[in-house]
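The values are calculated or read from the model by the stated rules, or taken from the named source; none is laboratory data. Remember, predicted model here, so these are calculated numbers, not experimental data. So basically every Cβ, Gly included, is an ideal-geometry build from the backbone, and we count neighbours across all protein chains shown. What goes into the accessible areas is simple: the full protein's heavy atoms, side chains included, and nothing from ligands, DNA or RNA. Shrake-Rupley method; radii C 1.70, N 1.55, O 1.52, S 1.80 Å.
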Amino acid sequence: MHEREHGTYASVTEWEQFLAENPDIRSIDAFVIDSNGNLQGKRLEVEDGPGLFHGGVLFSASSLVADVRGYGIEGHGFGSTDGDPDGAAKPLPRTLVRTPWTRKPSAQVLCEMTSVQTGRPYWYDPRLVLSDVVRQCRAAGIHPVVACELEFYLVDPKRNKDGSLRLGAHAGRSPPRRGANLSMEAVDDFGEFLDAVNAAARAQGLPVAGCVAEYGVGQFEVNLGHLPDPLLAADQAVLLKRLVKGVARARGMEATFMAKPFNDEGGSGYHFHMSVNDSDGANVMADGDGLTPAAMNLIGGLIEHAAALSAF
């Protein structure tokens with residue numbers, strides 16, 4: 001779906017081929033990624049698949065700018081003042097996959113929200129914004145290579161009386177007495193869950209490159225491989241979160257990627273690794289003498305815009 005012209009979407013033929021290979025599928029989740037990295041969309045029955053791949057599925061176009069709680073907001077004339085019209089979420093090529101963690105055989109597809117009137121994507125779609133940034137980088141001879149690492153806690157799906165999260169059971173035993181960072185025992189304790197995450201990632205084509213235990217009780221990190229396509233890497237990071245949450249839910253647990261779910265436990269980070277190549281694939285950030293001027297400019301830019309970046 002990446003390295004494509006906007007306006008090209010998955011065809012009904014792709015849907016038909018998928019069904020021929022997966023005849024047991026009974027439903028499909030069609031969703032977009034909003035500005036907070038949450039998924040917004042609809043669950044459709046398999047009979048509605050042809051309509052989805054022919055013209056998209058209709059739901060609120062302002063879902064792309066929902067706040068972190070999922071509530072609609074008024075932004076730049078989109079939301080309430082325009083009557084909150086529907087957009088058409090159209091499936092993107094090569095994003096149709098099974099959801100192995102669901103009891104009912106199901107599938108999912110990533111979509112792009114488009115205007116019903118013009119057929120074009122909305123300018124405030126975060127994926128479109130990132131795609132434009134990547135295009136400008138490449139036009140300038142800058143080719144980012146990125147990798148994402150996501151940390152999360154496995155927690156008890158039941159809440160405390162005040163609504164706060166509760167640490168999950170540690171494989172039926174008491175919590176460890178020391179930090180579990182890189183602990184193979186912790187990985188063994190949750191081996192079945194981590195194996196299921198890896199299996200689901202393979203089924204969905206997500207390049208999971210390893211799972212490690214972190215300091216917190218029931219805290220883990222899942223790594224994704226390096227990619228020369230930042231948009232694809234961003235999509236995969238969001239889709240991996242859905243996968244981890246789904247696999248956990250299927251096993252009576254809940255996964256949270258909150259930055260600081262517990263005051264007395266370590267926080268969960270999102271690690272974004274980046275290198276920059278030129279058009280020939282050579283690293284422009286370092287040479288035999290150390291950091292290059294380009295690397296110093298990048299560091300300076302991060303410092304200059306640190307306040308704005310902290311919003312995210």
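Which Cα, out of 227, 247, 66, lies furthest along the positive dipole direction of the chain (beta carbon charges, K/R +1, D/E -1)?
Going by the charge dipole, the pick is 247.
Past 23 Å, Cα to Cα, is the threshold; run 42/260; 158/245; 90/260; 161/241; 42/161 against it and keep the listed order.
42/260; 90/260; 161/241; 42/161
Relative to the Cα centre, what is the charge dipole magnitude of the chain, using +1 at the beta carbon of each Lys and Arg, -1 at the beta carbon of each Asp and Glu, and rounding to the nearest 20 debye?
940 debye
Would you mind computing, in nm to one decimal, how far apart the modelled labels at residue 308 and residue 287 are, each placed 7 Å from Cα along Cα→Cβ?
Inter-label distance under the simple model: 3.0 nm.
Can you order the peptides 267-276, 290-299 by their average number of other Cβ atoms within 10 Å per residue, highest first?
Packing order, densest peptide first, comes out as 267-276, 290-299.
Determine the share of the range 81-156's accessible area contributed by carbon and sulfur atoms, expressed in whole percent, with a 1.4 angstrom probe.
Of the solvent-accessible surface of the range 81-156, carbon and sulfur hold 56 percent.
Kindly identify the range 174-258 as rounded, prolate or oblate by the Cα gyration tensor criterion: order the square roots of the eigenvalues as a ≥ b ≥ c, call it rounded if a/c is under 1.5, otherwise compare a/b with b/c, prolate if a/b is larger, else oblate.
prolate
Tell me the volume per residue, in Å³, of the convex hull enclosing the alpha carbons of the chain.
Hull volume over Cα atoms, normalised by residue count, gives 178 Å³.
When the dipole is taken about the Cα centre of the range 177-312, and only Lys, Arg (+1) and Asp, Glu (-1) are charged at their Cβ, what size is it in debye, to the nearest 20?
In total the dipole reaches around 600 debye.
Please list, ordered by chain and number, the residues whose modelled amide H lies under 5 Å from the amide H of residue 276; skip anything fewer than 5 residues away on the same chain.
Hits under the 5 Å cutoff: 145, 284, 285.
Which of the listed residues, 167, 196, 208, is farthest toward the dipole's positive end in the chain, when Lys, Arg count +1 and Asp, Glu count -1 at the beta-carbon?
About the Cα centre, the residue reaching furthest to the positive side is 167.
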